[in-house]
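Data block below; observations after.
The values are calculated or read from the model by the stated rules, or taken from the named source; none is laboratory data. These numbers were taken from a predicted model, which means no experiment stands behind them. With ideal geometry, Cβ positions are generated from the backbone for all residues, glycine too; neighbour counts draw on all protein chains shown.
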Amino acid sequence: MSSITSNRLFLPVSGAIFFLCMALLPPVLGSAGLEGGGRYHIGVLNDIGLYALLGLSLNIILGQAGLFNMGHGAFYAMGAYTTAILNTVYGVPILYTLPLAGAIAAFFAYLVTRPILKLRGDYLLVVTIGIVEIVRISLMNDVFGMTGGANGIAGIARPELFGFRLVSPEHFFYLIWGFVAFTVLLFRMLENSRFGRALYYIKHDELAASGSGINTTHYKLVAFVVGAFWAGMAGTLYATKMKFISPVAFSFSESVLLFAIVILGGAGSIPGVILGAFLLIGLPELFRELADARMLVFGLAMMVMMIVRPQGILPLRRRVYNAAKQVGKYACAIGTQKLAPPAPEPATDTTTPPAPQKGTGGAA
Amino acid sequence: MNNLLSLNNLIKSFGGLTAVAGVSFNVAEKSIVGLIGPNGAGKTTVFNLITGNYRPDSGNVIFARHDITKTPTHEIVSKGIARTFQTIRLFPEMTVLENVLAGCHCRMRAGVLASMFHTPAQRREERSAIEKAMRELAFVGLDDQYANLAKNLSYGNQRLLEVARALATEPRFLILDEPAGGMNDQETADLIGLIQAIRSRGIAVLLIEHDMHLVMQVCEKLVVLEYGAVIAEGTPAEIKANPLVIKAYLGSEELD
């Protein structure tokens, strides 16, 4: 297909290089002579991958549509518990639960966000905090007798892919980061489409968006549903990676962390969100020796960042369309109308003004 | 001539203030109608009632024989009413082309899945939308600016860009709220030609404008509002001679 965008190559190429380097990491770390064969490092990278996935799903809601959702953990929890219950109670294989976990989380998002879409900014934020807390407390109280209360659910199976059982951190590394790569690809395409543009218009001027014919309520709802679907699937990956889930993992602070990943990285920007996950999940691990001081330093660094660079580290770069071939191709109605009396006279000589209309033309 | 739009006894109050107090008038197909009146007469409120941004307390709006009084704004746009805003409401950080693509949106079909997988039908639709947007940009003379950010355009060109975005929704009826606001004489002269060209595409135009020269030249019919009520209606010549209008604009003679 013809190139309709000019910066079309930069992002795909840099994205491909990034994921290729990631794919080479486990063998490199394994042979680097680290303690435990680099398993700890792989484990951290897996966490980063999961948070990147969650960040990407929240990015659609918070970054692209500009909806202040600080309760994203609720959808994540719905997905994780769906997988845990389906697997431990009904024996459904993990990978089959993946789309179901997404669907249940998406359906939940549809039900709970539909009545609150009219809320703006901070009001929406407060309601989403309520949602994530209600979900956590329900899980804690063993709702429907299925969630195991504070003890959570243990004994979740490992996923099997074409008869191959994924057990080691390296296996999960490829599962999680493969899923991240797949998500980046799809979300990038989504961003560069009618849907992605609609979210951008809504985020920046809702009145102008609806005045241009965009159904703002519909798109906000769809943003929540798509974001929740992906968060639900991330929940599946988390449940099978840990083999055990409990309400503690879905506390309010998780939602705040996800919020911070999206805002710090650069709201709306896919590379920004991935960088945000590396910084917010990876850096505290890197400075583990500093013990308690690391969170203080970390908090301060975030504050400075938000003051110095409020748009995030890697803000969204809009695609530039290339329509150069169509310039000058179509008819223009400006200045060509013979009906328009003060016709634009090229290089007007003030000596012979051509019958100025009501004193507007010959005033020079 | 057939009426494209009919306003029937629209009433709208905000708290204790009655901004629109029983406004009725018609706009014929393919006509250019001006809505004039002193500041605060309720002109923009009437526009917002037509486009669904406000709901009237009573009365109704009939467009192409359908009652659109309770229709949501975005549906009103897809039924064929497009508008520009008195204070420019573009997407300043987006390119000129993307601003016009916002108008194309309601004539496109691609859903979330098609958008996520860039299906062949979705790509075709994107290409033809870009083509249509470029055609509308050319129509207002901004096609060479397509890759610029909207905020970098001059004030007059930003107004033209709003017109292009409105035209991209394929309207039958276009509402312009002070289109010449902030334009210089040359730009205003071009605007007159543009409004006439829009009409010759079969689109009816309703405009609020303070530039009386433009209004008298371009409109076939004028509706004069004062204190939220229609005080006169007629051709520009009739309106110019109407004592009520002269009084509304200049005050009564004994005041001078």
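Key figures for this structure:
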{"read-out": "Check on B:Ser115, more than 8 Å from every other protein chain (Cβ to nearest Cβ), hydroxyl-bearing (Ser, Thr, Tyr) and either in contact with a Ser or Thr (Cβ under 8 Å, 6 or more places away or on another chain) or surrounded by fewer than 19 Cβ atoms within 10 Å (Cβ to Cβ) (or both)", "value": "no"}
{"read-out": "Matching entry among A:Ala84, A:Ala77, A:Ala52 (being touching a Pro at 6+ places or on another chain (Cβ under 9 Å), assigned to a helix (DSSP H, G or I), buried (at least 24 other Cβ atoms within 10 Å of the Cβ) and touching a residue at least 40 places away in the same chain (Cβ under 8 Å))", "value": "A:Ala77"}
{"read-out": "Considering residues of the range B:145-160 that are assigned to a helix (DSSP H, G or I) and not aliphatic (A, V, I, L, M) only, the residue farthest from the other protein chains (Cβ to nearest Cβ)", "value": "B:Tyr155"}
{"read-out": "Residue match in the range A:213-226 (condition: within 14 Å of chain B (Cβ to nearest Cβ), surrounded by fewer than 19 Cβ atoms within 10 Å (Cβ to Cβ), closer than 30 Å to B:Thr51 by Cβ and not aliphatic (A, V, I, L, M))", "value": "yes"}
{"read-out": "Output for the range B:196-228, where each listed residue is in a loop (DSSP other than H, G, I, E, B) and either surrounded by fewer than 22 Cβ atoms within 10 Å (Cβ to Cβ) or among the hydrophobic types (A, V, I, L, M, F, W, C) (or both)", "value": "B:Arg201, B:Gly202, B:Ile203, B:His210, B:Asp211, B:Cys219, B:Glu220, B:Tyr227"}
{"read-out": "Search result, residues across the range B:120-144 that are more than 9 Å from every other protein chain (Cβ to nearest Cβ) and surrounded by 15 or more Cβ atoms within 10 Å (Cβ to Cβ)", "value": "B:Lys132"}
{"read-out": "Yes/no for B:Gly193 being crowded, with 20+ Cβ neighbours inside 10 Å, in the same structural domain as B:Leu7 (by TED's automatic domain parsing) and under 28 Å from B:Ile62 (Cα atoms)", "value": "no"}
{"read-out": "Where a residue in the range B:78-95 is more than 7 Å from every other protein chain (Cβ to nearest Cβ) and its partner, wherever it lies, is β-branched (Val, Ile, Thr) and not in a loop (DSSP other than H, G, I, E, B), with Cβ under 8 Å and at least six apart", "value": "B:Ile81/B:Ile50; B:Ile81/B:Ile175; B:Ala82/B:Ile175; B:Thr84/B:Val163; B:Thr84/B:Ile175; B:Gln86/B:Thr44; B:Gln86/B:Ile208"}
{"read-out": "Residue in the range A:1-45 that is surrounded by the most Cβ atoms within 10 Å (Cβ to Cβ), counting only those that are within 14 Å of chain B (Cβ to nearest Cβ) and at pLDDT below 80", "value": "A:Ile4"}
{"read-out": "Criterion: surrounded by fewer than 17 Cβ atoms within 10 Å (Cβ to Cβ), among the small types (Gly, Ala, Ser) and either touching a residue at least 60 places away in the same chain (Cβ under 8 Å) or closer than 30 Å to A:Ser210 by Cβ (or both) - qualifying residue of A:Gly145, A:Gly121, A:Gly71", "value": "A:Gly121"}
{"read-out": "Extreme residue, farthest from B:Leu149 (Cα to Cα), among residues of the range A:268-314 that are within 14 Å of another protein chain (Cβ to nearest Cβ) and buried (at least 17 other Cβ atoms within 10 Å of the Cβ)", "value": "A:Ile270"}
{"read-out": "Residue in the range B:161-174 that is more than 8 Å from chain A (Cβ to nearest Cβ), aromatic (Phe, Trp, Tyr) and in contact (Cβ under 8 Å) with a residue 40 or more places away in the chain present", "value": "yes"}
{"read-out": "Residue selected from the range B:38-53 under the condition part of a loop (DSSP other than H, G, I, E, B) and buried (at least 19 other Cβ atoms within 10 Å of the Cβ), by the criterion nearest to the chain's Cα centre (by Cα)", "value": "B:Thr51"}
